[in-house]
1. Restricting attention to the range 341-405, which trypsin sites (Lys or Arg not before Pro) occupy a DSSP loop and are surrounded by at most 14 other Cβ atoms within 10 Å?
2. Using the structure shown, list the pairs from Lys372/Lys443; Lys124/Lys255; Lys174/Lys443; Lys135/Lys298 with a Cα-Cα distance above 24 Å, or answer none.
3. Which cross-chain or sequence-distant (5 or more) residues have an amide H under 5 Å from the amide H of Ile204, H modelled 1.01 Å from N in plane?
4. Taking amide hydrogens as modeled 1.01 Å from N in the peptide plane, which residues meet the under 5 Å criterion relative to Asp290, leaving out close sequence neighbours?
5. Any chance you could run the full-extension gain for Gln321 through Cys411? It's 0.36 nm times the residue separation minus the Cα-Cα distance, nm to one decimal.
6. For Lys430, Lys471, Lys443, give me the order by solvent-accessible area with a 1.4 Å probe, most accessible first, ignoring ligands, DNA and RNA.
7. If the reach is capped at under 15 angstrom between alpha carbons, list the aspartates and glutamates near Lys224, excluding any in the same chain fewer than eight residues apart.
8. Could you order Ser449, Ser99, Ser116 by accessible surface area, starting with the largest, using a probe radius of 1.4 Å?
Amino acid sequence: MNKRSCSSLCPTSFASCNGFVTQVIAEKIVIFCRYYVPIIVLLPYRTLQFFYQSKTQVPIEPNHSSSFITDSEIQSEFAHHAPGVAMMNNGSFGCCPASVISALHQWQLKMLRQPSHFLLNELKNRILESRTIIKDLIHAEDVDEVSIVDNISTAAAIFLQQTAWAFAEGKFNKGDAVIMFSCTYGAVKNSIEAYFSRAGGSVIEVPFNFPLNSNEEIISEFRKALEREKGNGRRVRLAVIDHVTCVPSVVMPVKQLVQICREEGVEQVFLDAAHAVGSVDVDMQEIGADFYASTLYKWFFCPPVVSFLYCRKSATHSDLQLHHPIVSHRYGKGLAEESFWVGSRDYSPYLVLPSVMEFVNRFEGGLKGIIKMNHDAVVEMGKMLAEAWGTSLGCPPDMCASMIMVGLPACLGISSDEDAMKLQPHLCDKFGVEVRIHYQAPKDGEVGSTTGYVRISHQIYNKVDDYYKLKDTINQLVHDGFTCALEINEA
């Protein structure tokens, strides 16, 4: 049946159908323009730029030109983000701009064009270039102190598996301890259990008494725990400390904590710095830790999965057996060598560091400028939310980086970790608000304290409207009489 006869038989139905088809086509055009046109337009330029960059060294110093990236260019770089969602949870999985995604694809094509030549002859030098950029970023002494790995879990495994061998070989004695804070990230706690505790070690867990008023509260608790264990005759071999804690989020006084470890005879200090590079200044010469692991996809614009493990030269030159947990052809050639080749896989994410540096240097002040902008913005938005809800921040502004904890209204009834885990997807699914929700158990003897906190992040793509959307969403829940017990558990 042709179009005319169909129209004459049922004109209303045909008009409705025709309108629906028009709407679908319009939506597809919008999607095409949003996601594919920028790539098509930029691809020839990015391709030439990529091959030029592969032969040149990208400077660490920021661009001092008057031509800095504009707001519209920033939004274009993140046009692939889901529309209509207020994304304030950058701390969980990070972000990657379109220009870096383009570079990632170019590296993938370069490898696939001639895999044998690229993987056997070129990959090692390209990874060395990325390691050199990391070395300069964190002010390491030597590039051999830097190994690229996938994530913090891999870095923690490298650090902790050598302690299991130390127990097996009699270098450590049963009952020797590792000290950590109670807020240590869950995956790292699991690694401690898997490698250290199972081998015969014990764990000292220092209370993390959030909310906090000063760094001195953290330092005092840590020092007391170490002195107490030392007085009891316990040998504390290791310390595992966050640089920026996950939840609740606080910038830790790592320089002071490392110094205390030295004073009290702790042999090895490992800093879990998953949230550090890109949100705080990092200088390994000042921090002085033996091991330092950070992601580069949370706050430094790399695609997942790119991270690194720094091993201080004095540690790598000792008798420590540091090996990648995946054993391949490079075993025994040093950790950096073992880490750059863990078998056949896509190494492209490791190679985009030059493109990331170019992106960062488009901002006034470079990485330092981005760090300051995100910190100032998240503090301003945190204060706005706390005032709107009649609550308070979880710590002073100088103890936060690009994330801050804001108390939620008590009437929401967040009374368990389960409540927090359920409220988080509820806000996203029902209101298009992405944040991290945290349950904080009351301190001993406290009554009526804030037990629910929201962790907000600020990254360069965020707008003020995102945070006002969060404010209005929580106010609407309060107005509607919403409670976690009644609403979420019945859903």
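The values are calculated or read from the model by the stated rules, or taken from the named source; none is laboratory data. Quick caveat: nothing in here was measured; it's all calculated off a predicted structure. Please note: Cβ atoms are built from the backbone with ideal geometry, for glycine as well, and neighbour counts cover all protein chains shown. SASA here: full protein model, heavy atoms, side chains in, ligands and nucleic acids out. Shrake-Rupley method; radii C 1.70, N 1.55, O 1.52, S 1.80 Å.
1. Qualifying residues, ordered by number: Arg345.
2. Exceeds cut-off: Lys372/Lys443; Lys124/Lys255; Lys174/Lys443.
3. Close amide H contacts, sequence-distant or interchain: Val178, Ile179, Met180.
4. Under 5 Å from the amide H of Asp290: Val269.
5. 27.1 nm
6. Order by accessible area, largest first: Lys430, Lys443, Lys471.
7. Of all the aspartates and glutamates, those that pass the test against Lys224 - Cα under 15 Å, at least 8 places apart if same chain - are Glu205, Glu216, Glu263, Glu264.
8. Ser116, Ser449, Ser99
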